[in-house]
Amino acid sequence: MRLDRFIANNTGLPRKEACLLIKQGRISCNNAVIQQTAFKVGADDLVELDGDTIKDPTHLYWMMNKAQGIVCANHDSEHPTVFDSIDKTAIHPALRQNLQVAGRLDKDTTGLVLITTDGQWNHTVTSPHKTIGKRYRVELAESITEEAILQIEAGIALRNEPQACKPAQISLFSPNSCLLTIHEGKYHQVKRMFAATNNRVVKLHREAIANIKLDTGLKPNAYRALTQDEIHCL
């Protein structure tokens, strides 16, 4: 990798500023001052700025307990976003622009949201080709009928969708509340599934994605780092 690009990628500095640092003689590679911006940096080379090591920043993996009314977007002119609750000053500058939601929730839906800077890991969570389960606690306006349960567990058809949903798992808490596990992420899927059974979702809360369960100790909009087991379970 070119030296100027290596510095920009791992410090968050614009490429122009990285080039200026090199030309000023403030950058060394393996204890030798380098002033060529196109100098090639190897994977095992030690690059320093004014004697301080420039390291490849470690990716971030967090869970957040999203509150109602919060949107899963980087910016929104009308509503607060999940990123408004994050202390970006504690994040390596090179990573701040890479924050992304892995598995979005609607504005009115609460619960588990995964946030990362690792695009490949995000793809693993959200890819339609994966069969990762997402578990929701659902409250409905009307009682859930036996016919509706059979339809959902068999794979219910949604309006304007070419294929029916994948079979889901449903477990009743009461006549109008249940746990629902789906294995895909169609637009407003849970709400549309129950709408197809002539019912209406009044409250929706995501409890888990695969084996990552929402930490019940997290207050609304609070977040914590995932453990290594949680990161790798996907």
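Since every read-out is calculated from the coordinates, none of them should be taken as a lab result. Here the structure is a predicted model, which is why all the values come from computation and not from measurement. All Cβ positions, glycine included, derive from the backbone under ideal geometry; neighbour counts span all protein chains shown.
Summary of packing: across the peptides 199-208, 58-67, the per-residue average of other C-beta atoms within 10 Å ranks them, highest first, as 58-67, 199-208. May I ask you to derive the relative contact order of the stretch 1-131, considering only C-alpha pairs under 8 Å and at least 6 residues apart, and to give it as an integer percent? That works out to 22 percent.
Considering only C-alpha atoms, what is the centroid distance from the stretch 110-161 to the stretch 52-84, in Å? After rounding, the separation between the Cα centres reads 22 Å. Here the Gaussian network model covers the chain, with springs between Cα atoms less than 10 Å apart; of I54, I212, I152, I54 fluctuates the most.
Within the straight-line cut-off of under 15 Å between alpha carbons, the aspartates and glutamates reachable from K166 are E153, E184, sequence neighbours fewer than 8 places apart in one chain being disregarded. Across the stretch 113-223, counting alpha-carbon atoms alone, Rg and Dmax equal 14.6, 43 Å.
For trypsin sites (Lys or Arg not before Pro), the sites in the stretch 110-168 that DSSP calls loop and that have at most 16 other Cβ atoms within 10 Å are K130, R159.
Helical content alone sets the calculated 222 nm signal of the chain at -5500 deg cm²/dmol, taking -39,500 (n - 2.57) per DSSP H segment of four or more residues and averaging over every residue.
For the residue pairs K88/K203; K88/K191; K88/K186; K130/K203; K16/K40; K55/K134, the alpha carbons lie more than 25 Å apart in K88/K203; K88/K191; K88/K186; K130/K203; K55/K134. Local charge sum around A168 (other residues, Cβ-Cβ under 11 Å, Lys/Arg +1, Asp/Glu -1)? After counting each charged neighbour, the total is +1.
Excluding same-chain neighbours fewer than eight residues apart, the lysines reachable from K219 by a Cα-Cα span under 16 Å are K66.
Largest mean-square fluctuation among S85, S77, S177, in a Gaussian network model of the chain whose springs join Cα atoms under 10 Å apart, belongs to S77.
Along its principal axes, the chain has C-alpha extents of 74, 33, 32 angstrom, given from the largest down. Rank L158, L95, L49 by mean-square fluctuation in a GNM of the chain with C-alpha springs under 10 angstrom and give only the top-ranked residue. Highest fluctuation of the listed residues: L49. What the Kirkwood sum gives for the stretch 1-83 is a hydrodynamic radius of 15.0 Å, with every pair of different alpha carbons counted.
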